[in-house]
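Inspection log for the structure reproduced underneath, given as structure tokens.
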There are 2 protein chains.
Amino acid sequence: MAYRAPVSQMLFSMRAVAGLDAAIEGGLYPDLTTQLVAQILEAAGDFAAERLEPLNRPGDLAGLRKDGAAVRTPDGFPKAYQDWISGGWNALPGPVEHGGQGLPILVNTACVEMWNAANMAFALCPILTMGAIDAIEAHASPDLKERYLEKLVSGEWTATMNLTEPQAGSDLSALRTRAERADDGTYRIFGQKIYITFGEHDLTDNIVHLVLARLPDAPHGTRGISLFLVPKILPDGSRNDVVCAGLEHKLGIHAAPTCTMSYGEAGGAVGWLVGEENRGLACMFTMMNNARLAVGVQGVAMAERATQRALDYARERRQGRTVAYTGQGMVAIAEHADVRRMLSSMRGLTEAARGICFLTAASLDAAGRAGDVEARKAAFERASLLTPLAKAFSTDIAVEVASLGVQVHGGMGFVEETGAAQYYRDARILPIYEGTNGIQAIDLVTRKLPLSGGATVRAEIARIRASATRVTKEADERFGALGPRLREATMRLDEATAWMLAALAEGRQDDVLAGATPYLRLFAMTRGVACLADEALAAKAALAAGETDPAHEARIARARYMAEAHLGETEGLARSATAGAAALPAADALAV
Amino acid sequence: MAYRAPVSQMLFSMRAVAGLDAAIEGGLYPDLTTQLVAQILEAAGDFAAERLEPLNRPGDLAGLRKDGAAVRTPDGFPKAYQDWISGGWNALPGPVEHGGQGLPILVNTACVEMWNAANMAFALCPILTMGAIDAIEAHASPDLKERYLEKLVSGEWTATMNLTEPQAGSDLSALRTRAERADDGTYRIFGQKIYITFGEHDLTDNIVHLVLARLPDAPHGTRGISLFLVPKILPDGSRNDVVCAGLEHKLGIHAAPTCTMSYGEAGGAVGWLVGEENRGLACMFTMMNNARLAVGVQGVAMAERATQRALDYARERRQGRTVAYTGQGMVAIAEHADVRRMLSSMRGLTEAARGICFLTAASLDAAGRAGDVEARKAAFERASLLTPLAKAFSTDIAVEVASLGVQVHGGMGFVEETGAAQYYRDARILPIYEGTNGIQAIDLVTRKLPLSGGATVRAEIARIRASATRVTKEADERFGALGPRLREATMRLDEATAWMLAALAEGRQDDVLAGATPYLRLFAMTRGVACLADEALAAKAALAAGETDPAHEARIARARYMAEAHLGETEGLARSATAGAAALPAADALAV
């Protein structure tokens, strides 16, 4: 039941949904061809399947070993990491001037999916490094860039993000880690951070910690937070005053260390300021779109892997017979209607989420690469709008799909040896970290809907409507109710959006927040099925052009199924999104 | 964050939903008063909270130890079991003539919920014993009853159900375990069974295995299966030829042994026939309503426990501020709209599932106790109809609620020490065992809808409609849209039911099976909210009568919230239920 990197489907989605061809033709991706993209994805898929996947279950079983101050990753992880960076995979999206390959985020997104599908615990580490590269590149002094970027881009060193403290999780204004100015222009950091992913490990010689802390004279709240770079090993080769004080015992990702980090227990950890004093949160926000997208992609990865494993099992496992079955003995359970329904939802939700992630990635690329300022701004706002959808929807469906994957396996799903249970455990972190999905929903309604006075969201809805219209115009019976259902859902999204914008304008913050999560799901489900509709249209065109790949018929069937089976939920979601805060029982009422 | 047995809510639900008062007045429960029920529940709740809950996390951590042929349960389990049976708790629902207390299934159902909420791994063992008691009582010879029932009723011995084999899971026609007739009227059993819960343990001296096996001259398929009683210790005190060959390494319920059992490796395990030869499956079906209800109740238990823990955490954990908050510092996260929404759904889904389980239990009581034959038949059919809802809906929502419970905890939810993750792991078995939820849905549409030519299901829908009408008539603005939403959902259920009955009549088996799962959810969600509506009406009456318990206002708010936030999904469910098999992609299309 080995992992098969879905390279041709990814490429198809990049072209049909995320505009890869147009981006290449428009000069956005210089030196890139679809053929080259395919080659890169094939090579990444091979590495993922052959080198990372075999370490996944052993890593889950072995877990981590704390050995004094050191943390030992499972057997095979250090070697695999060295091979992975030697292959240039860490440097793929990195800036060319610091040794990176400067490839588009879209291409890297597909690679990130494959690393994570094969071994999420392993692949989590570079996500943090890539986020740190973004922050350092955008905000650090030339000196710091010179000293750290090249080795982070190559992957010779890794990086961490230190935000959370016991009393400061979703609300960073409460954080207490403090920074003191030293005479030499550096700082001394004191405090404890929790949930630091790969805060300590044996993959590399050095680890670069980005730490949020407060200066003695800083203003209260989030406007008094600064960002510091605190390396494990100082430039002179000595050990900095930072240690891993403990590892969490977690539900999943057992091979990824989640550390409590102690700074300054022996006089102060040496740190360098990144960006300006008291502007640390803004620096962190710079990289948030990318990091949140990456977590969304982890969701796609878990969903893809769980779907593949369930499908393999369902095609092999035989139980009972179906009405249509005329063969000997029992039929593969994949033929049973109820199992087909589960597998169809798993596959469809996964593809919808991937479409959203690819759209987000392509928008980020355009935001950084488009020729004129207006286009860059529009693309950046589109990426900003789509990012909470990519993060929250993909990770919510990852948990749902992983749970369905266990169900398809029946009793075998509850037994750890099949591997289905590991995805169910691993995936559960995704709706939580990098901003809980509740925080994503709040971000969507309070910060993203108002972008350009609502024009950004309205443009997105117009694109969805255009997809629905194109489907309807085809009047192809293979599309079933795809057109009408998508049009209906778009209308609901449009109305709920107008309601949200009005509520924001009227200052009805409570009403907006009460509906944020169902609104996000309504938006993402509609956006996701529109991605599938675009794929179905492209598949139809390919069939008409004489292509015979059976995947094309499958794409049409998938879009239809998702519209008919999943867009129905948009009615209830639209109602909940616009019900207002008065519809929610008070917290007191829940306690009796 | 200790478990608080929800005794007053259970009692309220028994009265407002499950007709406890009428059953007592009508003589169905002789010698019972609501006061006595309350006392029993209080005592059970105390035992659960004080003796079982403290062993739950230690048991999860310690797991089981296989020691040669023996299986050691975690520290404290054997003692707790002895105390539990000494308290008479195992004997609560058992037949009086074999030492049981003969209490109603409804009362025992509430107790089963409490044992499982406190410690599901522990509480799983007696569920199997109670199922075996039902089967032995209904089908075994007087001699076998004499020899085994008293000790199973007291709990001095436990029992197991041996159905599954590697190649025979949901489809038992494929089973291969064989039975040979011996000269003395006993049988010799040979074969291997898997997933045998508490197949071996150290809680009791003897274990009574009920084993499905095939006689040499048995017809093929399920009509050639016989049921045998195979004790671990033979009547002469010697060890029978049955051993635990291995334990599964599972996602959850780590303290409950899941055994591979080998029969007859040393000449044949001695077994006694239960019921007639080749009628074993019918004997198993006898106890299935009860056992499936019990698993549904485990779902309610997990949901209740996860809700309590999330609520406790959310009331303690402080982050950020709300618009309404005027206090110092940060606000409890239970005040945030998005967290309130999660907690409201957790609480509402739990209560809806409990209502369905109580209704099912009361119907089973009436089926066994009502005065005239017609009433018993009607009650039995009602219980048969409700059982798949009780099993599948309660266990599906258990997984959803446990997952929301993790989410409410944020990062702490992914860390095992908070306990939220254990419920997420433990609950995942519930939609699988005792007939997967897909099997439940198939049972509902193909076997339960046709009962009495459809009159049974139509009567149930009429009851739901009556609840909706009563709510609407009250015209109480505290009910919000409860009346219209429930009426709308009832109409959808009615139409989908008519579609199902027509499809069955026309022999469109594939269409029926394709919609079975969404139909079950549509039915259960509507039935569950109708239970909450009945509670809201009773709560309103109690307030009008001068009662001041704040729980009454909460019941009204809960019913309203569930109708407004969750009945919307019935639109999509009704569509999916009636979409037919053609709407499902073919299995081949999923593989490309």
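The values are calculated or read from the model by the stated rules, or taken from the named source; none is laboratory data. Please read all numbers here as calculations on a predicted model, not as lab measurements. Neighbour counts run over all protein chains shown; Cβ positions are idealised from the backbone, glycine included. Protein only, heavy atoms only, side chains kept; ligands, DNA and RNA dropped before computing areas. Shrake-Rupley method; radii C 1.70, N 1.55, O 1.52, S 1.80 Å.
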List the residue from chain A whose beta-carbon is nearest to the axis that rotates chain A onto chain B, together with that distance in whole Å. A:571, 2
Listed residue (A:195, A:179, A:263) projecting farthest to the positive dipole end of region A:158-278, Cβ model: A:195
Are there any residues in region A:504-537 with a reduction of at least 40 Å² in accessible surface when going from the isolated chain to the assembly of protein chains? Probe 1.4 Å, please list them by number. A:510, A:517
Considering only protein heavy atoms, with the full assembly of protein chains and a 1.4 angstrom probe, order A:67, B:443, A:588 by accessible area, largest first. A:588, A:67, B:443
Region A:443-584 - charge dipole about Cα centre, Lys and Arg +1 at Cβ, Asp and Glu -1, debye rounded to 20: 180 debye
Sorting from shortest, the nanometre distances separating the label point of residue A:472 (7 Å past Cα along the line to Cβ) from those of the same residue in the other copies are 3.2
Size of the A/B contact, given as accessible area buried on both chains, probe 1.4 Å, in Å²: 7300 Å²
Report the equivalent ellipsoid semi-axes for chain A in whole Å, largest first, defined as the square roots of five times the eigenvalues of the gyration tensor built from alpha carbon atoms. 39, 28, 24
What does the charge count near residue B:403 come to, summing +1 for each Lys or Arg and -1 for each Asp or Glu among other residues with Cβ under 12 Å from its Cβ? 0
Roll a 1.4 angstrom probe over the protein heavy atoms and tell me the percent of accessible area of chain B that is carbon or sulfur. 52 percent
Counting only the heavy atoms of the protein chains, how much of residue B:46 is accessible to a 1.4 Å probe, in Å² to the nearest 10? 80 Å²
Is it possible to state the helix-based mean residue ellipticity at 222 nm for the protein assembly as shown, with each DSSP H run of 4+ residues giving -39500 (n - 2.57), the sum divided by total residues, to the nearest 500 deg cm²/dmol? What is it? -18000 deg cm²/dmol
Distance between modelled label sites at residue B:83 and residue B:146, nm, 7 Å Cα→Cβ extension: 3.8 nm
Within the under-9-Å Cβ sphere about residue A:435, not counting residue A:435, Lys/Arg +1 and Asp/Glu -1 give a net charge of 0
Cα gyration tensor of the protein assembly as shown diagonalised, 5x eigenvalues square-rooted, in angstrom largest first, produces semi-axes 50, 33, 32
Given a 1.4 angstrom probe, what's the average accessible area per residue across region A:291-449, in square angstrom? 25 Å²
How far is the Cα center of region A:77-124 from the Cα center of region A:468-492, in Å? 38 Å
Between residue B:205 and residue B:223, what is the spin-label point distance in nm, taking each point 7 Å from the Cα along the Cα→C-beta axis? 4.5 nm
What accessible area per residue, rounded to a whole number of Å², is obtained for region B:120-231 using a probe radius of 1.4 Å? 34 Å²
Debye intensity ratio in log₁₀ form over the Cα atoms of region A:158-278, taken at each q of 0.13, 0.16, 0.22, 0.23 Å⁻¹: -0.47, -0.72, -1.29, -1.38
From the protein chains alone at 1.4 Å, what is the descending order of accessible area for B:556, A:105, largest first? A:105, B:556
Quick one: give the max-minus-min coordinate of the C-alpha atoms of region B:340-483 along each principal axis, largest first, in Å. 55, 43, 26
How far, in nm to one decimal, is residue A:586 from itself in the other copies if the label point is set 7 angstrom along Cα toward Cβ? Shortest first, please. 6.0
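About its Cα centre, what dipole magnitude does the protein assembly as shown give when the only charges are +1 on Lys and Arg Cβ and -1 on Asp and Glu Cβ, stated in debye to the nearest 20?
1400 debye
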Once the whole set of protein chains is in place, how much accessible area is left on residue B:499, using a 1.4 Å probe, in Å² to the nearest 10? 60 Å²
Quick one: net charge around residue B:218, please, counting Lys, Arg +1 and Asp, Glu -1 for every other residue with C-beta under 10 Å from its C-beta. +1
Show me the helices of chain A, taken as full DSSP H stretches, that run 15 Å or more along their long axis by Cα and average -0.5 or above in Kyte-Doolittle hydropathy. A:34-47, A:105-118, A:120-139, A:288-316, A:337-369, A:373-408, A:455-474, A:482-505, A:509-544
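Residue A:463 to residue A:495: extension gain in nm, 0.36 nm per residue of separation minus the Cα-Cα distance? All intermediate terms of the calculation are to be shown ahead of the outcome.
Details: separation 32, 0.36 × 32 = 11.52 nm, distance 1.56 nm.
Fully extending the segment from residue A:463 to residue A:495 adds 10.0 nm.
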Distances in nm, one decimal, shortest first, from residue B:376 to the same residue in every other copy, taking the label point 7 angstrom along Cα→Cβ. 8.4
With a 1.4 Å probe and all protein chains kept in place, how do A:193, A:377 rank by accessible area, largest first? A:377, A:193
Evaluate the relative contact order of chain A (contact order divided by residue number), counting alpha-carbon pairs under 8 angstrom at least 6 apart; express in whole percent. 12 percent
Would you be so kind as to list the residues of region A:239-271 that have their accessible area lowered by at least 20 Å² in the full protein complex compared with their chain by itself (1.4 Å probe)? A:248, A:249, A:250, A:251
How much accessible surface area, in Å² rounded to 10, belongs to the heavy atoms of residue A:42 with a 1.4 Å probe? 90 Å²
Hey, if you drop one equal point scatterer on each alpha-carbon of region A:272-366 and run the Debye formula without solvent, what base-10 log of I(q)/I(0) do you get at q = 0.16, 0.24 Å⁻¹? -0.77, -1.12
Number of Lys pairs in chain B closer than 25 Å at Cα, excluding neighbours under 8 places apart unless interchain, is 20
Principal axes of region B:7-154: Cα extent on each, largest first, Å: 55, 41, 22
